[in-house]
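Participant: Here it is, the structure, as structure tokens.
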């Protein structure tokens, strides 16, 4: 038995999906044209306009900012670099506040160059989040940890399962609601504990839900994500687990695809996402 | 504090490491020449000579067969194909007995073509192992489940963590010793639960230990493994966990490397592995 198609109003776009062809302003206009209700920019995108201008443009188009992606990257060999990451994350929190983003999704970071100390890198992530949490509370910004696919452990992020992310939430924010998690199906679809951990997270900790697909034939782990429906992920099943756990937020499309979708006309990409959202998600 | 270098007598070679240049017979001769004490062939290699001839050649060179890799691949859409995989695995068990292999490492398999039913594929793996376990007990062959890196979940294997493999052992072989696990650092190095699950496995379930490295810059998840020492895995740390858990078996080198090590002279590869085993493992 399959669940009903998702509410079309919940479709949102992560700017990375069309990052090769459109500026932030063009993405905002594109989202409005295709009747998307939410947008999730990466922080690098804000450099083009600044957070205030971006906030004005987004609000003018009637879009919600479902998430701002950025900050974090806490592990570093030198204390000075670790402090710089903390300071930068505080600025990212301020940007998220200006944008009225539903959450700031942290890029946690991983092993510093030359290091093999994975437990140590994970401690630096924990300590880094701990250092910015009060600033987030003060700014009224909710933080989200996004577990990264284990294939990203060496290069991008060393929080690699939902269980690990939720353990961090419990340790740093017990009983609180300042810290939560992002469920990106590309990163977590393989996890035998996925259902149990989504349930454990519950409405309180589930901050964002990202969709795309894992292509069966994919070899490139960084920029060969599939359009929803073209891969092996049972998207309606994962969505049903999110909904059972109380998640009512947006479904944010994030497709990093150097060989295919990044090359296409972004209007075609946005139209395809809308159709697939209704037919296979 | 680092542990002492490993016992050089424990070095073993998985035939896949030099599969592009040497036949099985050449690999056996090469292992003897480089004073390796153990060899782990993949079952496809036996086709060249048959299991009996291979067993004779291996024994004649004084090598132990640390593992035979093959069998399994249980999930399939049709009942007939599932039965064929079970029958084939029973023959692989017989081959392992002829070779006096310390264990048969199963390739568990994953989603059948066109399927997105990951929980269903996992059930087929469980059922398949259940079907061959008595045959393994009768043949005196120990089976090992090898958790596959989550990036292999769509294409190769749907048992993706040591915890999941050990849950299968407990379910199918409670209190027994017919079923165990293989720890391949390439597949499991990222796992936040690695130490705890190695400890949980203990001497009873730890059947094989495979070494290579994860290259920081790797994009190709299938054939870009690194030589020990060239990547980010803390090999002495993982080995210390294996030893603390009671593992006293071989250290089997398995490097799948289309762009680098497969292209080199296998004598250079074997010599390099021997040096690295002593210096960085």
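None of the figures in this text is laboratory data; all of them are computed from the coordinates on show. From a predicted model like this one, the values you see are computed outputs, not experimental measurements. FYI the Cβ positions are ideal-geometry reconstructions off the backbone, even for glycines, and counts take in every protein chain you see.
Participant: Can you tell me the relative contact order of chain A? Whole percent, Cα pairs under 8 Å, sequence separation 6 or more.
Facilitator: Here the relative contact order equals 20 percent.
Participant: Moving on. What shape does chain B have by the C-alpha gyration tensor, where a ≥ b ≥ c are the square roots of the eigenvalues, rounded means a/c under 1.5, and otherwise prolate means a/b greater than b/c and oblate the rest?
Facilitator: Since a/c stays below 1.5, the shape of chain B is classed as rounded.
Participant: Which distances, in nm and shortest first, link the residue A:199 label point to the same label point in every other copy, taking 7 Å along Cα→Cβ?
Facilitator: Ordered by distance, the counterparts are at 2.7 nm.
Participant: Using label points projected 7 Å from each Cα along Cα→Cβ, tell me how many nm separate residue B:265 and residue A:9, to one decimal.
Facilitator: Placing both labels 7 Å along Cα→Cβ, they lie 7.2 nm apart.
Participant: Nearest 5 percent is fine: what portion of the DSSP beta bridges confined to chain B is antiparallel?
Facilitator: Here the share of antiparallel DSSP bridges comes out near 5 percent.
Participant: Quick one: among A:122, A:79, A:263, which has the greatest mean-square fluctuation in a GNM of chain A with alpha-carbon springs under 10 angstrom?
Facilitator: A:79
Participant: For region B:40-149, what size does the Cα cloud have along each of its three principal axes, sorted from largest down, in whole Å?
Facilitator: Principal-axis extents of region B:40-149 (Cα, largest first): 47, 26, 25 Å.
Participant: Where the eigenvalues come from the Cα gyration tensor of region B:181-281, what are the semi-axes √(5λ) of the equivalent ellipsoid, largest first, in whole Å?
Facilitator: Over the Cα atoms of region B:181-281, the semi-axes work out to 24, 15, 11 Å.
Participant: Kindly state, to the nearest 0.05, the FRET efficiency for residue A:48 paired with residue B:84, given R0 = 56 Å and r defined as their beta-carbon distance.
Facilitator: 0.45
Participant: GNM on chain B, C-alpha springs below 10 Å: top fluctuator among B:207, B:35, B:73?
Facilitator: Checking each option, the largest mean-square fluctuation is seen for B:35.
Participant: Once you put a point 7 Å from the Cα of residue B:244 and another 7 Å from the Cα of residue B:77, both along the Cβ direction, what distance in nm separates them?
Facilitator: 4.7 nm
Participant: Here's a follow-up. If you take the beta carbon distance between residue A:123 and residue B:199 as r and set R0 to 22 Å, what does 1/(1 + (r/R0)^6) give as a FRET efficiency, to the nearest 0.05?
Facilitator: Calculated transfer efficiency: 0.65.
Participant: When DSSP assigns beta bridges and you keep just the ones with both residues in the protein assembly as shown, what percent turn out antiparallel, to the nearest 5?
Facilitator: Around 10 percent of the beta bridges assigned by DSSP in the protein assembly as shown are antiparallel ones.
Participant: Can you list, shortest first in nanometers, how far residue B:236 lies from the same residue in the other copies, with each label 7 Å from Cα toward Cβ?
Facilitator: 5.5
Participant: Using a label position 7 Å from Cα in the Cα→Cβ direction, what is the ascending list of nm distances from residue A:216 to the same site in the other copies?
Facilitator: Computed spacing set for this position: 3.7 nm.
Participant: Given the C-alpha centroids of region B:1-33 and region B:195-243, what is the distance between them in whole angstrom?
Facilitator: 16 Å
Participant: Rounded to whole Å, give me the distance from the Cα center of region B:81-112 to that of region B:118-175.
Facilitator: What the calculation gives is 11 Å, centre to centre.
Participant: Right, another one. Restricting to bridges with both residues inside region B:123-242, how much of the DSSP beta-bridge set is antiparallel, in percent to the nearest 5?
Facilitator: 10 percent
Participant: Highest GNM mean-square fluctuation, chain A, Cα pairs closer than 10 Å: which of A:58, A:269, A:185?
Facilitator: Result for chain A, Cα springs under 10 Å: A:269 fluctuates most.
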